[in-house]
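Scroll down for the structure; my scribbles are underneath it.
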Amino acid sequence: GTGRTAKLKIFRGDASGGEEVEYEIPLVEGMVVLDAVLYIQAHHANDLAVRWNCKAAHCGSCSAEINGIPRLMCKTRVEEFEGKEIHVGPMRAFPVIKDLVSDVSWNYEVSSRITPFTTSQKAPFTMYEEDVERLYEPKKCIECFMCQDVCHVLRTHHKHPEFAGPRFFVRNQWLEMHPLDEADRLGDLKEKNGIGYCNITKCCTEVCPVGIKITDNSIIPLKERVADEYYDPARWLMRKIQGR
Ligand code: SF4
Ligand code: F3S
Ligand code: FES
């Protein structure tokens with residue numbers, strides 16, 4: 001130990017409400033917020049609800065809000081907050097189940113309404129190196145849903161049914177960029193997935209723990225394609241003639 005201590009204020013409660021409770025723990029050099037929370041669970045509050053799995057920033061389970069900003073608890077060092085208060089709470093854009101755990105199941109519903117990978121080609125497939133490289137970034141997503149939590153369209157304006165959110169624009173972009181995929185998702189992006197609600201605040205990109213450039217590499221290219229398809233007068237006329 002370091003002989004020093006750290007104080008954490010942790011939200012205790014559920015959907016009906018709750019309050020922050022302060023806990024003091026021995027500060028171990030290099031410890032992360034998840035270590036501190038698990039120490040509290042072991043020594044002070046056995047009933048403290050927290051979700052985690054890998055402790056290595058891979059599984060995306062330990063997302064929480066630390067001082068109001070979504071972070072992975074297993075990737076955030078306690079010492080980063082030396083001399084400051086540390087507030088830990090659940091992700092607020094989703095319903096709180098208990099303490100640090102919120103119900104992220106809405107995200108799986110959104111995922112299921114995205115047209116899956118569709119191809120008429122038969123294996124073996126040929127893929128070019130540059131395609132493989134472009135497809136690598138969106139595939140890095142660990143589904144921590146922190147980008148969903150921070151986006152004001154969901155967090156403040158609660159557009160949950162009609163806005164899919166940044167994580168699912170990343171997923172759409174992966175599918176749309178895939179050279180073998182033949183499905184068209186632009187209509188859904190405009191209508192049921194509400195890409196027009198995004199006003200490019202880039203908060204999603206800032207919190208992504210794996211460094212996906214969500215806004216520049218997924219959202220903006222998709223917005224441009226939707227604009228070309230739906231707001232270009234020549235295409236609009238074509239759609240009218242073809243009746244779609
Ligand atoms: Fe998390 Fe980044 Fe995936 Fe969003 S895009 S869910 S922030 S890993
Ligand atoms: Fe939201 Fe990201 Fe757009 S935070 S508003 S989806 S750029
Ligand atoms: Fe897996 Fe933190 S415990 S990402």
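Structural remarks
- Test: residue in segment 139-156 that is surrounded by 23 or more Cβ atoms within 10 Å (Cβ to Cβ), more than 13 Å from ligand 2 (Cβ to nearest atom) and touching a residue at least 12 places away in the same chain (Cβ under 8 Å): yes
- Inside segment 58-104, residues that are within 16 Å of ligand 3 (Cβ to nearest atom), among the aliphatic types (A, V, I, L, M) and crowded, with 16+ Cβ neighbours inside 10 Å make up a count of 10.
- Residue check: TYR108 meets all listed conditions (1) part of a loop (DSSP other than H, G, I, E, B); (2) loosely packed, with under 13 Cβ neighbours inside 10 Å but one, namely (1).
- Annotation: of all residues in segment 133-148 being over 20 Å from LYS75 (Cβ atoms) and not aliphatic (A, V, I, L, M), the one that is nearest to ligand 1 (Cβ to nearest atom) is PRO138.
- Tally, over segment 203-220, of residues that are surrounded by 14 or more Cβ atoms within 10 Å (Cβ to Cβ) and away from ligand 3 (no atom under 16 Å from the Cβ): 11
- Candidate set: segment 175-203, residues that are in a helix (DSSP H, G or I) and of a type in the set (A, V, I, L, M); chosen: the one nearest to the chain's Cα centre (by Cα): ILE195
- Among residues of segment 125-138 that are farther than 16 Å from PRO221 by Cβ, those with a beta-carbon under 9 Å from a residue that is part of a helix (DSSP H, G or I) and at pLDDT 85 or above at least six positions away or on a different chain give the pairs MET127/LEU135.
- Answer residue from segment 176-202, given it is closer than 30 Å to THR76 by Cβ and of a type outside the set (A, V, I, L, M, F, W, C) and is nearest to ligand 3 (Cβ to nearest atom) among those: LYS202
- Strands (runs of 3 or more DSSP E) completely within segment 1-98 that count 1 or more residues being without any contact (Cβ under 8 Å) to a residue 40 or more places away in the chain: 5-14, 17-26, 63-66
- For segment 115-174, the set of residues classified as in a loop (DSSP other than H, G, I, E, B) and among the β-branched types (Val, Ile, Thr) consists of THR115, THR118, THR119, THR126, ILE142, THR156, listed by residue number.
- Close Cβ contacts (under 6 Å, 6 or more residues apart or on different chains) running from residues in segment 159-172 that are within 16 Å of ligand 3 (Cβ to nearest atom) to residues that are of a type outside the set (D, E, K, R) comprise ARG167/CYS147; ARG167/GLN148.
The values are calculated or read from the model by the stated rules, or taken from the named source; none is laboratory data. Since we're looking at a predicted model, the values are computed, not measured. Note that each Cβ is placed from the backbone with ideal geometry, even for glycine, and that neighbours are counted across all protein chains shown.
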